[in-house]
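Asker: Below you'll find the structure I mean.
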Amino acid sequence: MTTENRTIVHNALAGLVETGDVDTLASFLSEDFVHHRSDSTTSTRTEWLAAVHAALGPTAGMRVEILHLLADGDHVVVHSRRRLPDAGPEIVVVDVLRVTDGLIAEVWEIIEPVAHAAANASWWQSARH
C-alpha cells in the first residue's frame, strides 16, 4: 500500500511540476477531496484545482522542485521548494496527502517563505538557552 500510494502521488504531481498539467492532477483526486491550510481554511476539489491552475498552470510561472516524497500507509508527504513568479519569494512547502481507494482524498499544506525561516525558528533558539 505504501509504495502504491507513493506512486499515485508521484504520478499525480509529475505532469503538474513538469508542464503545469492540472487535468492529470484532477484525475487523481477523489470527488470529495478536501484541501486544508495551516490557517484552518479548507477548499473543495473544484476550488483547489482552480487555485493550483492559477499558480502552476502552463502560463502561471511558478517553479517547483520536489525535494522529498515519503510514504507511510495511506499518507504521503511531499517536501518541495517553490519559486513564485515575477521574482516573488521562494517558499518551502510540506504537503501531507491521504490516499484512499487509489485517489488523493485530502491534503494538508504548510507553507513557509524561505526569508522568514530564521525569524520563525527564533523561539527554538531561545528555548535552548
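We did not get these values from a lab; they are worked out from the coordinates using the rules stated. What you see is a predicted model; the values in this text were computed from it and never measured. Please note: Cβ atoms are built from the backbone with ideal geometry, for glycine as well, and neighbour counts cover all protein chains shown.
Asker: Being of a type in the set (A, V, I, L, M) and under 18 Å from Thr2 (Cα atoms) narrows it down to one of Leu84, Leu97, Leu49, Leu67, so name that one.
Answerer: Just a single option satisfies the conditions, and that option is Leu97.
Asker: Report, by residue number, each residue of the range 28-44 that is touching a residue at least 12 places away in the same chain (Cβ under 8 Å) and in contact with a strand residue (DSSP E or B) (Cβ under 8 Å, 6 or more places away or on another chain).
Answerer: Result: Phe28, Leu29, Ser30, Asp32, Phe33, Val34, His35, His36, Arg37, Ser38.
Asker: Would you point out which residue out of Val9, Val34 is among the β-branched types (Val, Ile, Thr) and assigned to a strand (DSSP E or B)?
Answerer: Val34
Asker: Moving to a separate point now. Which residues, taken from the range 52-90, are in contact with a His (Cβ under 9 Å, 6 or more places away or on another chain) and part of a strand (DSSP E or B)?
Answerer: Scanning the range 52-90 gives Ile66, Leu67, His68, Leu69, Leu70, Val76, Val77, Val78, His79, Ser80.
Asker: Let me ask you something else. Quick check on this structure: which one of Leu56, Leu49, Leu25 is surrounded by 12 or more Cβ atoms within 10 Å (Cβ to Cβ), free of Cβ contacts under 8 Å to residues at least 60 places away in the same chain, hydrophobic (A, V, I, L, M, F, W, C) and closer than 17 Å to Val96 by Cβ? Spell out how you get there, then give the answer.
Answerer: Values: Leu56 fails: closer than 17 Å to Val96 by Cβ; Leu49 fails: closer than 17 Å to Val96 by Cβ.
The match here is Leu25.
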